[in-house]
Amino acid sequence: MRVLHVTPCYPPTWAYGGVPRVVYALARAQAAAGLDVRVWTTDAFDEKGRAEVAPRRVEDQVDVRVTRLGSNRLAWHHQLYLPTSMPPLDGVDVVHLHAHRHLLNFLAFRGARARGLPVIHTPNGTLPRIERKVAVKAVWDAIFDGDVPRRADRVVAVSKAEVRQLLAAGVGADRVARIPNPVHLDELAARPPRGTFRAARGLGEGQLVVYLGQISPRKGVDRLVDAFAGGALAPARLVVAGTARGMAPPGGEGVTYTGTLGGEERLALLVDADVVVYPSADEVFGLVPFEGLWCGAPVVVGDDCGCGELVVEAGAGLLAPHGDVVALRAAIRQVLGDGAAAAAMVARGRRYIEAHLSPARVAAAHAALYESVCPR
């Protein structure tokens, strides 16, 4: 089976959120299971520049093809990825599109259809027109790839919440497959000793409340900062790590903002967290809370999201209504104040990850899906 993953961003790009991490873990696991795995992506990296990578490389048995962007600025500020080459479809059995509303998907979908290749699409929460540039998204859907989810052979939902999104968008129930995102356990196995991040940043002895991810209005980070106002959760300290997009970087009493973290420093923050908080709305999965659980931190997440659905299913944390500062503060205080309950949440979360979210299990589910759409 020869699969081509299409994604606008791929490691070493981390500033663009969870999709690069998901595709990376899935592609590596599929290659380890014996699939011929290829990736078509761009040289997007962050606001300041492009990824310094070769146009083609083989990494962990994955054949990665990189198209240069026509404009790095348009990619960062407007999510307008302008590929300067065409998708490498020769010798491919199935095309797997990731995210939504980008030209790589548009070109790969049209190319696959012209060749009679089956197409799998994983929007990963990007299908609804929410948060930023809603009118632009409507125009894009009308001109370019708004019909891809309805025309793909199968559409992957990563949670029940995303199943509901897909059905509301007109995707037939018979073409929706629910497969969760993988948690990159190999990466998390290399985590540093507890205390590494705290010592490096001079954060003292207080408990650490951690948010890690993109910072935008939908993520609820401003409400999380408000929960610390007036020393309400002192001596605990809030550490916010990620790229601010569409809003100012967070700050305030008891708040440390680090910007984007990668590699060992990112893992060190998760290891040192006493609780990971993810107060988002419309979050169909939420990778970071499960990474935090694997690293030993219980979680508090927003209840208006698929992430909350999964955390409840795992019995691994507490939920707080999105935007409710009082309830969010109370949930954080409850977790920080009961070490035994927190440890039990972590243990249940780790068992859930092993049973449902390991890369090998998720890769096997995708392989079965590919087989179901490929001609015999």
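In contact (Cβ under 8 Å) with a residue 12 or more places away in the chain and not hydroxyl-bearing (Ser, Thr, Tyr): does that describe GLY286? Lay out the reasoning, then the answer.
On the way: in contact (Cβ under 8 Å) with a residue 12 or more places away in the chain: yes; not hydroxyl-bearing (Ser, Thr, Tyr): yes.
For GLY286, the condition - in contact (Cβ under 8 Å) with a residue 12 or more places away in the chain and not hydroxyl-bearing (Ser, Thr, Tyr) - is met.
How many residues are at pLDDT 95 or above and open to solvent by 40 Å² or more (accessible area, probe 1.4 Å) when one looks only at region 60-69? Steps first, answer last, please.
If we filter region 60-69 for residues that are at pLDDT 95 or above, which is where we start, we get 61-69.
Now narrow it down to the ones that are open to solvent by 40 Å² or more (accessible area, probe 1.4 Å): 61, 65, 68.
Residues in region 60-69 being at pLDDT 95 or above and open to solvent by 40 Å² or more (accessible area, probe 1.4 Å): 3 in total.
Just checking, which of ALA268, ALA234 is of a type in the set (A, V, I, L, M) and closer than 14 Å to ALA200 by Cβ? Break it down stepwise before answering.
On the way: ALA234 fails: closer than 14 Å to ALA200 by Cβ.
Within the list ALA268, ALA234, the selection yields ALA268.
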Next item on the list: Output the residues belonging to region 7-51 that are open to solvent by 40 Å² or more (accessible area, probe 1.4 Å), free of Cβ contacts under 8 Å to residues at least 60 places away in the same chain, part of a loop (DSSP other than H, G, I, E, B) and over 23 Å from ALA241 (Cβ atoms).
Entry: GLY34
Margin query: Can you pull out every residue in region 70-128 that is surrounded by fewer than 22 Cβ atoms within 10 Å (Cβ to Cβ), in contact (Cβ under 8 Å) with a residue 40 or more places away in the chain and among the charged types (D, E, K, R)?
Written below: ASP93
Margin query: Between ARG201, ARG164, ARG223, which is out of contact with any Lys or Arg (no Cβ under 6 Å at 6 or more places or on another chain), surrounded by fewer than 22 Cβ atoms within 10 Å (Cβ to Cβ) and without any contact (Cβ under 8 Å) to a residue 12 or more places away in the chain?
Written below: ARG164
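Can you find a residue in region 182-200 that is in contact with a strand residue (DSSP E or B) (Cβ under 9 Å, 6 or more places away or on another chain) and not in a helix (DSSP H, G or I)?
Step one: list which residues in region 182-200 are in contact with a strand residue (DSSP E or B) (Cβ under 9 Å, 6 or more places away or on another chain), which gives 197-198.
Subset that is not in a helix (DSSP H, G or I): none.
No.
Residues LEU238, LEU233: which one is at negative phi, open to solvent by less than 60 Å² (accessible area, probe 1.4 Å) and in a loop (DSSP other than H, G, I, E, B)? Write out each step before concluding.
Numbers: LEU238 fails: in a loop (DSSP other than H, G, I, E, B).
Unique residue meeting the criteria: LEU233.
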Margin query: Please return the ranges of helices (runs of 4 or more DSSP H) entirely within region 252-336 where 3 or more residues are surrounded by fewer than 19 Cβ atoms within 10 Å (Cβ to Cβ).
Written below: 263-272
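Among the candidates VAL288, VAL275, which residue alone is under 22 Å from ALA200 (Cβ atoms) and at pLDDT 95 or above? Talk me through it step by step, then tell me what you get.
On the way: VAL288 fails: at pLDDT 95 or above.
Testing whether each residue is under 22 Å from ALA200 (Cβ atoms) and at pLDDT 95 or above leaves just VAL275.
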Margin query: With of a type outside the set (Lys, Arg), part of a helix (DSSP H, G or I) and closer than 29 Å to LEU97 by Cα as the only criterion, which of ALA367, ALA347 stands out?
Written below: ALA367
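The values are calculated or read from the model by the stated rules, or taken from the named source; none is laboratory data. This one's a predicted model, so the numbers in the text were calculated from it and none came from an experiment. Note: ideal-geometry Cβ built from the backbone for every residue, glycine included; neighbour counts use all protein chains shown. Remember, those area values only see protein heavy atoms, side chains included, never the ligands or the DNA or RNA. Shrake-Rupley method; radii C 1.70, N 1.55, O 1.52, S 1.80 Å.
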